[in-house]
1. Once the label point is set 7 Å along the Cα-to-beta-carbon vector, what list of distances in nm do you get between B:Phe65 and its counterparts in the other copies?
2. List the GluC sites (Glu not before Pro) within segment B:33-72 that fall in a DSSP loop (any state other than H, G, I, E or B) and whose Cβ has at most 16 other Cβ atoms within 10 Å.
3. Please compute, over every Cα-Cα pair in the protein assembly as shown, the percentage with a separation greater than 23 angstrom.
4. Rounded to the nearest 20 debye, what is the charge dipole size of chain B about its Cα centre when +1 sits on each Lys and Arg Cβ and -1 on each Asp and Glu Cβ?
5. With the Cα gyration tensor of segment B:77-150 giving a ≥ b ≥ c as the square roots of its eigenvalues, does the rule (a/c under 1.5 for rounded; else a/b larger than b/c for prolate; else oblate) give rounded, prolate or oblate?
6. Ranked highest first by average number of other Cβ atoms within 10 Å, how do A:7-17, B:3-13 line up?
7. May I ask you to compute the full-extension gain from A:Trp41 to A:Gln91, defined as 0.36 nm times their residue separation minus their alpha-carbon distance, rounded to one decimal in nm?
8. I'd like the Karplus ³J(HN,Hα) series for segment B:68-75: coefficients 6.51, -1.76, 1.60, θ = phi - 60°, whole numbers in Hz, and an x wherever there's a Gly or Pro.
2 protein chains.
Amino acid sequence: MEKNVLGNNVITQIGVLVHDIEKTSQAYADFFGVEKPNWFWTDTVDVAQTEYRGSRSEARAKLAFFDMGSLQLELIEPDHEPSTWRESLDQNGEGFHHIAFGIKGMKEKIAVMEAGGMPLLQKGEYTGGRYAYLDSFKDLKVLIELLEND
Amino acid sequence: MEKNVLGNNVITQIGVLVHDIEKTSQAYADFFGVEKPNWFWTDTVDVAQTEYRGSRSEARAKLAFFDMGSLQLELIEPDHEPSTWRESLDQNGEGFHHIAFGIKGMKEKIAVMEAGGMPLLQKGEYTGGRYAYLDSFKDLKVLIELLEND
């Protein structure tokens, strides 16, 4: 794989899987002395165009974001449709899921990473942008998410 | 527990457990297009005064740090003496270990967190400061490290 594929090494987000986003959001808000953010559902599949392991998926998740210094901590409570969120929560329980990086040129980045041995795991659209999870475990030992905001 | 125990919510470090710090450091350096940092051993127990689950431990680890935006990514290859590093690596394999926050007043912070249901898991000294891992899984779903630099 070419070096510096992403064009930067700035971690913009840490994702954490939870069973109960209300409860864990409150725990974070209390522990860090900040406001509890409202959670929201990711878009339905007709808008999000979610694909998981190459197949369209109805999967959605409740998301809540905390500003923690220069990056966001994202709490994720997935539904029971197929997704990396649900798979990881079922297999490993609550806890760390991914680190995210902002990029430009999603299709090209995915193509380069897949060719370099980091297969696409899940992708989707959100208002103003799109995301992709690449299976980077073998080399980097953590899951990487790419975020492209228009 | 009192709110905002740490006095801040700035994530300064993400820790990742690995079996082979040379190999994974090279993978990170290549992927992000940065120099491979040198790893170093944590201090021996006479200097580090390492305690794990209430008992003195000879545990050491090889550490390597990458600057990733405003925070560090820390790779950790532990030896086979008892530590949170070794326990987590044996139980969960390679991958995410902790997020860290800078604090002042280690003893007081530990006391407040323990009273609030986050028991001390491991602590030790390093040149210029000290660290502690608190078992924050129940509430926050991730392990928290406190770092106090003098």
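Every number in this text was worked out from the coordinates using simple rules, so none of it is lab data. It should be emphasised that the depicted structure is a prediction, and the values quoted were computed from it without experimental measurement. Glycine also receives a Cβ, built like all others from the backbone with ideal geometry; neighbour counts cover every protein chain displayed.
1. Those label-point separations list as 2.9 nm.
2. Hits after loop and neighbour filter: B:Glu35, B:Glu58.
3. In whole percent, the long-distance tail amounts to 56.
4. Here the size comes out at about 420 debye.
5. Because a/c hits 1.5 or more and a/b fails to exceed b/c, segment B:77-150 counts as oblate.
6. Descending mean neighbour count gives A:7-17, B:3-13.
7. So the extension gain works out to 15.7 nm.
8. 10, x, 8, 10, 9, 9, 10, 8
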